[in-house]
Structures are given as C-alpha cells and as structure tokens.
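**Student:** Let me give you the structure first, and then I'll get to my questions.
Just so it is clear, none of the values below were taken in a lab; they were calculated from the coordinates. Quick caveat, the model's predicted, so the values are computed rather than measured. In this analysis, Cβ positions are derived from the backbone assuming ideal geometry, glycine residues included, and neighbour counts consider all displayed protein chains.
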Amino acid sequence: MTVRLQSNSIISVSVQSLRLVSSRLNCFNCARFLLESAKVILSTKLFFILRRRQQQRRGAQGLITEFVFTYSADISFIREDHGDVFLDEDDIVEEINVDEEDLPDADDDADSDTEADVDEADDSVHIFTGHTGEVYTVACSPTDPTLVATGAGDDKGFLWKIGQGDWAFELQGHKDSVSSVSFSSDGQLAASGSFDGVIQVWDILSGTLKCTLEGPGTGIEWVRWHPRGHLVLGGSDDSTVWMWNADKAVYLNTFSGHASTVTCGDFTPDGKTICTGSDDASLRIWNPKTGENIHVVRGHFYHTEGLTCMAITADSSLVLTGSKDGSAHVVNIITGKVVTSLTSHTDSIECIGLSSSSPWAATGSMDKKLIIWDLQHSIPRCTCEHEEGVTCLSWVGGSRFVATGCVDGRVRIWDSLSGECVKTLRGHSHAIQSLAISADGNHLVSVSLDGTARVFEIDEFH
C-alpha cells in the first residue's frame with residue numbers, strides 16, 4: 001500500500017521498511033511494539049514521514065533513487081536532521097494496514113545488524129567534505145605529500161591538505177562542473193579544467209588565480225602539464241586540443257583533426273611529442289612546436305570504438321591505449337604502428353597504468369577485472385576479479401602493488417605478482433571516479449559520486 005501526501009510526496013510503507021526499523025530496534029518484542037504503534041498512528045491519522053533523497057549517478061549505475069526514513073521513540077512525530085516535524089490531520093489522504101505476520105524473526109534482526117556494521121565500516125584516516133556535488137577528479141602534488149586538488153559537479157575545485165582538518169582553498173570562478181585538476185611538475189601551479197570550456201591556473205604559494213585560459217568551444221575533458229615547464233594542454237568536447245603558456249597566459253597552438261570528443265591525451269615524458277585519443281576511435285600523434293599531425297592510428301588492427309584512456313612509457317617510445325571495445329593496443333610513437341594488441345577484456349576499458357619498475361601494464365574494465373600484462377610477451381600475467389566494474393587505477397610508486405577504484409565504492413590493493421587482493425579499503429558509499437597517490441607514497445586519495453574525498457594509509461605497500 002501507499003500513503004500519499006497532498007504535497008505530492010510519495011511514501012511507501014513496506015515489509016522491507018518494517019524489517020529495517022525492527023533490525024535497528026534489535027528486539028522482537030520491540031518490533032511488536034512498533035506494529036502496534038504504527039496502528040495507533042494510522043488510526044489517529046498520524047503517520048511516519050519519510051525523507052526522500054534522490055541522487056543521480058553516472059555510468060553503469062544509471063539513475064538511483066533512495067528512500068530513507070528515521071524513527072523516534074515518541075511515535076507522534078519523526079525527527080529529521082533539522083528538528084521535529086509534526087503532521088496535521090489534513091495532510092493524510094490515505095491509510096494503510098500492516099499485517100503482523102510481516103514482522104521479522106529475532107534471528108533476522110541479528111543478521112541485519114551484522115550486515116549494517118559491515119556497510120558502515122570506514123577505513124579512511126581523513127575525509128574532505130567541502131564539495132556539495134559528486135566529485136569527479138583528484139590530483140596529488142608532486143612536491144608536497146599533503147597537498148591535494150579535487151574537482152566536482154558543484155562547479156568548484158579545492159586545494160586541501162591531508163591531516164589538516166577543514167583547511168581548504170576554493171578554486172573559484174568556474175560556471176560548470178570541474179572535470180580535471182592537475183599540478184605542474186615543479187608543484188608551483190595547479191590547473192582546473194571545467195565543462196564551461198575554461199582552464200584556470202592557480203599559484204600555489206600565493207593562493208591566487210594566475211591566469212584564465214580560454215579557447216575551446218565546449219567542455220574541457222582533461223588537463224595536462226608539460227613535464228619540464230609551465231605549458232598547459234587541454235582536450236575538449238569540440239574535438240580539438242589546445243596548448244597555452246601559463247606563465248605568459250598566452251595561447252600557443254590548436255591541434256585539430258579528431259572528429260569527436262578528445263577523451264584522453266598527454267605530453268610524452270621527454271616533452272617532444274603529444275598523444276591524443278578520441279571518441280572517434282583514433283589516436284593522433286603531434287609535434288607540439290609546429291602543431292603538425294605526425295601520425296594517425298585508426299582502422300584495421302586498432303580500436304573499433306572510442307578511446308577512453310592512455311599511458312605512455314617512461315622512454316617516450318610507446319603509448320598504450322584503452323577503448324570502449326574492451327581492447328588495449330600498444331603503439332610505437334615514432335612509427336605510428338601498432339606493436340601488439342591486448343584483448344582479454346569483455347567490456348569497456350576505463351583505466352590503464354604502466355609499472356615504473358617492470359615491463360608490465362595494468363588495465364581496468366567494466367567487466368569487473370583488473371588484468372596485469374607482460375608487455376614483452378603480450379600476455380596476461382594474472383586476472384584480478386572485482387565485484388563491480390573498475391573505474392580507475394594506479395601503480396603504487398615503484399612497487400609491485402596496484403590500487404583500483406570501483407563502482408562498488410571500494411578501493412582495493414592488488415599484488416601484481418600473485419594477483420591477490422591484499423587489502424580492501426572501505427568508506428565510500430557510491431562509485432569511485434578517480435584516485436591518486438601522494439608524493440611520498442604513504443597515502444591514497446579517492447573521490448566518489450558520494451560527494452567526498454577520502455584518504456587511506458598505504459605506507460605498507462611502497
């Protein structure tokens with residue numbers, strides 16, 4: 001049955017709802033008292049208020065609507081987060097009956113309590129709650145192990161410090177979601193890119209806006225810095241890539257050629273080349289000085305659907321790309337030829353990482369798998385099974401461990417030698433969007449659709 005309010009709210013009182021309340025009371029006799037209380041409330045035209053919380057989640061989770069209610073020992077009202085809420089008789093338009101047989105057994109109560117304890121576990125050592133929307137991106141400073149940048153759907157970016165309470169500096173001025181944040185290699189500057197098509201550059205030391213970089217016609221998908229200077233690279237929804245000099249606040253070059261959103265890109269570690277991947281299923285290799293398109297990789301023996309991620313080897317010779325088609329390909333940057341293909345995933349590859357200490361790569365997919373690859377032999381070393389899709393990953397420094405973030409809100413640490421999950425880090429209540437490792441390797445920071453950034457200690461793994 002359903003109770004309807006004249007304010008257009010809809011409240012469903014179900015067996016599941018009564019089981020939940022009964023489990024919280026943790027007493028079968030109290031559960032019977034709850035039933036009688038409910039009857040009194042309904043017969044006198046008083047009833048429970050449910051607070052409706054609706055959250056939109058992207059990706060495989062779709063649109064999720066939760067109904068959450070609380071209860072009070074005083075059954076004449078329900079206490080919400082901000083005080084007591086009373087009901088008038090005129091507010092009730094329909095009554096319901098509750099069957100006593102629908103109440104849970106005492107054993108069910110104990111089981112529910114155990115499950116609730118597991119769900120509420122939080123392994124984080126610091127929680128940043130400055131955002132009021134879903135958090136999409138995170139970066140750790142390469143020079144300050146405590147400094148973190150985050151961006152979210154509330155049109156805000158923040159700089160904040162691990163272990164320093166609520167201290168935060170807001171990156172103000174964006175008019176749409178902040179999709180990407182990144183630190184310069186010397187740690188002096190931070191850039192925030194937004195779906196408003198603007199990149200803002202911030203001076204870390206002074207805490208001031210250094211410059212605003214404009215040009216793309218639509219949203220910024222990602223932002224990267226030149227490995228040796230203050231050149232900023234940004235990929236856009238309008239199929240273009242732009243480069244600016246942040247010190248002089250001037251535009252340098254536009255890289256045009258893709259036919260759809262430029263979903264990923266970066267400078268090579270030597271700074272001499274740019275690689276970009278697009279939703280048009282192509283990889284393009286550019287000369288940053290002249291803007292020349294050196295190579296276009298697409299078609300036969302390459303991806304059949306849009307690129308989602310990439311990683312470039314430390315010697316700037318190879319780029320590894322992942323795609324919605326579930327495949328990964330290794331491309332020689334000098335020749336533009338596909339060297340090898342990695343085809344064990346069965347769903348979109350969302351993230352890629354290269355080990356700095358071995359010829360191994362890691363790929364994470366919506367097929368719920370992390371695969372560790374031996375690039376020398378183009379074979380999978382091990383497959384690490386997850387409960388839900390893998391959205392992001394990072395090798396932990398130069399160690400053999402890989403961290404993954406997942407749709408289920410868990411961070412997991414994997415041993416790439418054995419394929420064993422050596423630690424699960426809990427705390428997030430919704431899908432993890434991005435993660436980063438602090439400069440000293442002691443902390444992992446993850447951000448989620450639950451609106452928080454959480455810090456976990458991982459010093460034992462580096």
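**Student:** Between Asp347 and Thr129, what is 0.36 nm times their sequence separation minus the Cα-Cα distance? Round to one decimal in nm.
**Tutor:** Result for the pair: 75.2 nm of gain on full extension.
**Student:** Let me ask another. Note down the Stokes-Einstein diffusion coefficient of region 243-355 in µm²/s, whole number, using a Kirkwood radius over alpha carbon pairs, 10 °C, and 1.306 mPa s.
**Tutor:** 112
**Student:** Loop-only check: which chymotrypsin sites (Phe, Trp or Tyr not before Pro) in region 268-357 are DSSP coil with at most 14 other Cβ within 10 angstrom?
**Tutor:** Phe301
**Student:** Chymotrypsin sites (Phe, Trp or Tyr not before Pro), restricted to region 136-196: which are DSSP loop and have at most 15 other Cβ atoms within 10 Å?
**Tutor:** Taking region 136-196 and a limit of 15 other Cβ atoms within 10 Å, the loop chymotrypsin sites (Phe, Trp or Tyr not before Pro) found are Trp167.
**Student:** Where Rh is the Kirkwood radius over the Cα pairs of region 356-457, the temperature 37 °C and the viscosity 0.692 mPa s, what D in µm²/s does Stokes-Einstein return?
**Tutor:** Answer from the Stokes-Einstein relation: 243 µm²/s.
**Student:** Between His462 and Ser206, what is the label-to-label distance in nm when each label sits 7 Å out along the Cα-to-Cβ direction?
**Tutor:** 3.1
**Student:** Could you compute Rg(Cα) / (2.2 N^0.38 Å) for region 108-267, with N its residue count?
**Tutor:** Normalised Rg, Cα atoms only: 1.20.
**Student:** Which of the three applies to region 236-284, rounded, prolate or oblate, going by the alpha-carbon gyration tensor with a ≥ b ≥ c and a/c under 1.5 meaning rounded?
**Tutor:** oblate
**Student:** Quote to one decimal, in nm, the extra length available between Thr304 and Asp186 on full extension: 0.36 nm per residue of separation minus the C-alpha distance between them. Working shown, then result.
**Tutor:** On the way: separation 118, 0.36 × 118 = 42.48 nm, distance 3.80 nm.
Length difference between fully extended and current span is 38.7 nm.
**Student:** Oh, and also: What trypsin sites (Lys or Arg not before Pro) does region 215-282 have in DSSP loop regions with at most 14 other beta carbons within 10 Å?
**Tutor:** Arg228, Lys248, Lys272
**Student:** Using only the alpha carbon atoms of region 194-273, find the Kirkwood hydrodynamic radius as the inverse mean reciprocal pair distance, in angstroms to one decimal. Intermediate results must be reported in sequence, preceding the final value.
**Tutor:** Details: mean 1/r = 0.0779 Å⁻¹.
About 12.8 Å, per the Kirkwood formula over Cα pairs.
**Student:** Oh, and also: Compute, for region 327-428, the length of the dipole vector about the Cα centre, with Cβ point charges of +1 (Lys, Arg) and -1 (Asp, Glu) only. Units Debye, rounded to 20.
**Tutor:** 240
**Student:** Further question on the same structure: Would you work out if region 302-414 is rounded, prolate or oblate? Take a ≥ b ≥ c from the square roots of the eigenvalues of the alpha-carbon gyration tensor; rounded if a/c is under 1.5, else prolate when a/b is larger than b/c, oblate otherwise.
**Tutor:** Note, shape of region 302-414 comes out oblate.
**Student:** To the nearest 0.05, what FRET efficiency results for Cys421 and Ser356 with a Förster distance of 25 Å applied to their C-beta separation?
**Tutor:** Between Cys421 and Ser356 the formula returns 0.70.
**Student:** Then there is this: Work out, in µm²/s and without decimals, the Stokes-Einstein translational diffusion coefficient of region 393-434 at 4 °C, 1.567 mPa s, Rh from Kirkwood over C-alpha pairs.
**Tutor:** 123
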